[in-house]
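Each remark here refers to the structure printed beneath this line.
The values are calculated or read from the model by the stated rules, or taken from the named source; none is laboratory data. The structure presented is a predicted model; accordingly, all values stated were derived computationally and were not measured. Cβ: placed from backbone, ideal geometry, glycine included. Neighbour counts: every protein chain shown.
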Amino acid sequence: MRITLNTFPVAPARFLSSPWAVPCVLLAASLGAPAVAQEGAALPAVTVQSSRASATLPLQGRVQVEREKLAQVSGGTNLAEPQKEARLATLRDALDYQPGIVLQDFFGGTDQPRLSVRGSGIQSNPVNRGVLLLQDGLPLNEADGSFIIGLIEPRNVAFISARRGANATTPGATTLGGELDFVSLTGADERGRVRAEYGSFGRQGSQAAVGGVGERLDGRVSVSSDRYDGYRHHADSQRDSLQANIGFQGDGGFENRTYLSWTDLAFHIPNVVPKDRIQSDPRGVMGDGNTPQDKLLNVYHRDPRRAATQLRLANRSRWGNDTLRQDVGVYWQDTDDLFNNMTSHTVTHSRSTGAQWQASGRPGGSEGALGWRTALSWANSSMERDLYATNPANGQQLQRFGAYDLDANNLQALAAADWRLAPDWTLLGSVQWSQLTRDARSRSSGAQRDQDWRFATPKIGVNWAATPSTRLWANLSRSQEAPTFWEIVSATVAPNSPATASAELVRLQMQRATTIELGGAGRWGEGANAVQWTAAVYRSVLADELISTTDDSGIKVGTYNYQGGTRHQGVELGLSGSQRIGVGALDYRTSWTYSDFRFRGGEYAGKQIAGVPRQLINAEVLYRLGAWRFGPNVRWMPVSTPTDHANTAGSEQDAYALLGLKLEWRDGPWTAYVQADNVTDRRYASAFVIRNQATAAQPGYLQGLGRSVTAGLSYQF
């Protein structure tokens with residue numbers, strides 16, 4: 001099988017003339033909203049007011065409701081508003097400048113950046129784990145915990161609510177990394193939008209969306225398309241996505257919403273190179289040279305790539321009031337995934353189904369001293385996974401050396417309460433109980449590996465409203481994470497001997513952690529010049545941390561539980577605000593994420609765990625003058641990062657600083673921008689594969705993007 005990625009522009013006009021635009025217009029008409037206006041016609045302003053459920057509130061009303069909910073969490077949280085960003089093509093655009101959320105770019109397009117929160121899942125790329133991703137409160141992960149991060153479409157997101165670490169509130173979130181909830185735009189948020197952007201290295205993106213609100217119905221449909229030739233050779237990518245939802249508001253606070261999404265993602269993989277090529281050939285791949293390494297690991301011949309398609313349906317109902325509020329959700333998703341990692345093809349077809357019920361209340365209404373919450377969730381994923389050796393001459397599939405039926409099942413319950421000890425003090429406690437199974441069976445040999453775990457994850461915390469604008473917190477929690485099938489099914493394929501490829505089922509222990517956290521959030525000053533701040537420090541002591549490593553060629557070879565114990569600790573700081581200067585204002589935001597992850601004992605005692613930058617600083621300063629904003633930004637990794645657990649000198653990912661410039665113009669419904677990234681054309685490694693012990697001569701580094709410029713235009717009607 002071979003994937004051909006074609007690049008073509010998809011302008012807004014093409015969207016509006018495509019078959020996809022038809023259901024958009026029909027939906028808007030059925031809701032009583034005006035259809036797309038004729039060219040040159042004025043579009044009247046519309047104000048939507050509603051006393052019904054919160055999903056019908058205007059977007060900023062929903063954001064404020066979520067902000068108030070996060071303020072009740074006794075730990076670190078984030079609330080990102082992607083629709084305020086001029087450029088919104090990748091997950092980095094949506095989550096940049098967020099403290100505690102680490103994104104490491106792989107190829108810079110719509111591919112698979114490594115996402116990490118507090119070190120959870122840092123070993124897991126190319127398929128991530130360690131964080132529960134939610135879409136509108138329901139899990140996006142497969143039931144085994146894995147997810148394909150490139151399937152997320154940030155343009156369809158109203159806001160992203162993150163509960164870092166054990167601060168997660170969903171019954172299915174028990175990992176060290178916590179949860180990120182991507183909440184969809186609804187028909188109440190905007191009547192429609194068209195967006196187009198173009199940039200360096202063949203980057204092209206388009207979106208068209210239409211929505212509307214009726215007496216009891218609202219709905220929205222969005223279609224988007226992205227194409228990217230890639231900075232490096234063999235790094236092109238594409239993504240097409242359809243997102244839709246329709247909501248019904250009944251009497252007594254009842255609301256029901258149905259969601260549909262379809263995403264088609266494909267990209268070629270330029271793969272890793274030795275460290276010296278970061279400077280000598282920043283766009284090159286193995287195969288551009290004439291060394292024995294280049295001949296053995298020729299990317300053009302082996303054709304590493306990924307192609308994933310997912311169809312997802314979900315439905316969620318809410319009803320009740322402060323005394324008793326209930327929420328029931330169900331979801332189903334079907335995913336086809338092909339991943340060729342240079343030496344083997346992994347072909348997976350998965351079907352996931354889940355259900356979730358939550359109830360909460362506060363006797364005495366909003367002024368009551370005691371509140372409670374309980375929840376149940378169930379999730380199941382059935383997968384067929386086939387492993388094929390890769391033909392080193394043309395990248396095609398050779399013999400099948402593994403065929404597995406995989407079944408993951410999760411049953412989880414949550415009970416939580418908060419007690420207002422005094423007007424400014426609130427004690428919070430919760431306990432989650434989980435029963436997880438991971439059953440794997442070989443269809444070819446009959447070998448079977450069934451694993452199950454039962455455990456509880458308790459948490460206790462306190463919130464103190466020190467001042468009307470300052471909240472401080474402390475918490476103590478447990479977290480646990482089961483391995484995914486990407487760790488349980490292990491493949492071994494030597495690059496020079498595909499005929500000897502083999503696979504096995506691995507028994508792994510659950511990763512466990514105890515975490516203590518202190519922090520606060522608040523505001524300094526009043527009015528337009530107020531400064532928003534957040535700070536958290538944490539320390540996690542882990543047992544049986546899941547460690548995945550790669551071989552000399554940069555191919556993953558297996559996962560094991562580290563027996564000597566590990567420790568994750570860090571600091572997460574965020575600062576944002578605006579300062580009036582002359583006739584304009586200075587808008588700024590910055591984050592600092594400090595990560596000190598180390599082995600406590602065992603073979604690598606005292607060494608830094610490879611994978612996450614020790615320090616990561618993101619900052620942006622924009623001068624606002626009327627409709628214009630312009631200024632610089634920086635992404636800075638001030639110290640080097642080990643690429644292996646032995647911390648071998650010379651093999652580190654070197655420190656770097658990337659300077660960017662941004663120019664924005666907003667005038668009513670119109671938004672335009674020009675953004676330049678890495679304006680000094682710095683040559684650096686954006687990410688790397690992880691080994692127990694590495695050398696700089698081994699292929700292991702991914703070159704970061706060079707100087708690039710992107711320009712875009714958006715119209716909201």
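Of the residues that sit in region 496-529 and are among the charged types (D, E, K, R) and outside any strand (DSSP E or B), which one is nearest to Ala440 (Cα to Cα)?
Arg507
If you take the residues of region 661-705 that are under 27 Å from Val634 (Cβ atoms) and touching a Pro at 6+ places or on another chain (Cβ under 6 Å), which of them is surrounded by the most Cβ atoms within 10 Å (Cβ to Cβ)?
Here the residue is Gln703.
If I filter region 665-696 down to residues being under 17 Å from Gln608 (Cβ atoms) and part of a strand (DSSP E or B), which single residue comes out as nearest to the chain's Cα centre (by Cα)?
Filtering region 665-696 for residues that are under 17 Å from Gln608 (Cβ atoms) and part of a strand (DSSP E or B), the one nearest to the chain's Cα centre (by Cα) comes out as Ala687.
Among the residues of region 533-565, count how many are more than 28 Å from Arg302 (Cα to Cα) and acidic (Asp, Glu).
Selection size over region 533-565: 2.
Does Thr457 satisfy the condition of being without any contact (Cβ under 8 Å) to a residue 40 or more places away in the chain, assigned to a strand (DSSP E or B) and under 25 Å from the mean Cα position of the chain (by Cα)?
no
Given the conditions (1) over 17 Å from Thr514 (Cα atoms); (2) within 25 Å of the chain's Cα centre (by Cα); (3) of a type outside the set (D, E, K, R), and given that Ser595 satisfies all but one, which numbered condition is not satisfied?
(1)
Scan Asp587, Asp552 and give me the residue that is surrounded by fewer than 18 Cβ atoms within 10 Å (Cβ to Cβ), touching a residue at least 60 places away in the same chain (Cβ under 8 Å) and of a type outside the set (Phe, Trp, Tyr).
On inspection, the qualifying residue turns out to be Asp552.
Take the conditions more than 27 Å from the chain's Cα centre (by Cα), of a type in the set (Asp, Glu), crowded, with 18+ Cβ neighbours inside 10 Å and farther than 30 Å from Asp144 by Cα and apply them to Asp424. Does it pass? Lay out the reasoning, then the answer.
On the way: more than 27 Å from the chain's Cα centre (by Cα): yes; of a type in the set (Asp, Glu): yes; crowded, with 18+ Cβ neighbours inside 10 Å: no; farther than 30 Å from Asp144 by Cα: yes.
Against the criterion (more than 27 Å from the chain's Cα centre (by Cα), of a type in the set (Asp, Glu), crowded, with 18+ Cβ neighbours inside 10 Å and farther than 30 Å from Asp144 by Cα), Asp424 does not qualify.
Quick check on region 463-479. Is at least one of its residues assigned to a loop (DSSP other than H, G, I, E, B), surrounded by fewer than 21 Cβ atoms within 10 Å (Cβ to Cβ) and either modelled with pLDDT under 95 or not hydroxyl-bearing (Ser, Thr, Tyr) (or both)?
Looking for residues that are assigned to a loop (DSSP other than H, G, I, E, B), surrounded by fewer than 21 Cβ atoms within 10 Å (Cβ to Cβ) and either modelled with pLDDT under 95 or not hydroxyl-bearing (Ser, Thr, Tyr) (or both), one finds at least one in region 463-479, hence yes.
Quick check: anything in region 52-63 at pLDDT 85 or above and assigned to a loop (DSSP other than H, G, I, E, B)?
Looking for residues that are at pLDDT 85 or above and assigned to a loop (DSSP other than H, G, I, E, B), one finds none in region 52-63, hence no.
Which numbered condition trips up Gly525, out of (1) over 30 Å from Tyr623 (Cβ atoms); (2) surrounded by fewer than 16 Cβ atoms within 10 Å (Cβ to Cβ)?
(1)
Of all residues in region 266-308 being among the aliphatic types (A, V, I, L, M) and under 19 Å from Gln112 (Cα atoms), which is surrounded by the most Cβ atoms within 10 Å (Cβ to Cβ)? Break it down into steps so the answer makes sense when it comes.
Step one: of region 266-308, the residues among the aliphatic types (A, V, I, L, M) are 266, 269, 272-273, 278, 285-286, 296-297, 299, 307-308.
Applying the additional criterion that residues be under 19 Å from Gln112 (Cα atoms) yields 266, 269, 272-273, 285, 299, 307-308.
Details: Ala266: 21, Ile269: 26, Val272: 26, Val273: 29, Val285: 26, Val299: 25, Ala307: 19, Ala308: 21.
Within region 266-308, the match that is surrounded by the most Cβ atoms within 10 Å (Cβ to Cβ) is Val273.
In region 322-338, is there at least one residue being of a type in the set (Val, Ile, Thr) and touching an Asp or Glu at 6+ places or on another chain (Cβ under 7 Å)?
Residues of region 322-338 of a type in the set (Val, Ile, Thr): 323, 328, 330, 335.
Subset that is touching an Asp or Glu at 6+ places or on another chain (Cβ under 7 Å): none.
No, there is no match, as no residue in region 322-338 is of a type in the set (Val, Ile, Thr) and touching an Asp or Glu at 6+ places or on another chain (Cβ under 7 Å).
For region 146-155, indicate whether the set of residues that are of a type in the set (A, V, I, L, M) and either on the phi > 0 side of the Ramachandran plot or at pLDDT 95 or above (or both) is non-empty.
Within region 146-155, not a single residue is of a type in the set (A, V, I, L, M) and either on the phi > 0 side of the Ramachandran plot or at pLDDT 95 or above (or both).
Six or more apart or on different chains, Cβ under 6 Å: which pairs go from a residue in region 624-637 that's part of a loop (DSSP other than H, G, I, E, B) to one that's crowded, with 16+ Cβ neighbours inside 10 Å? Could you list them?
Between residues of region 624-637 that are part of a loop (DSSP other than H, G, I, E, B) and residues that are crowded, with 16+ Cβ neighbours inside 10 Å, the close pairs are Ala627/Trp665; Ala627/Arg666.
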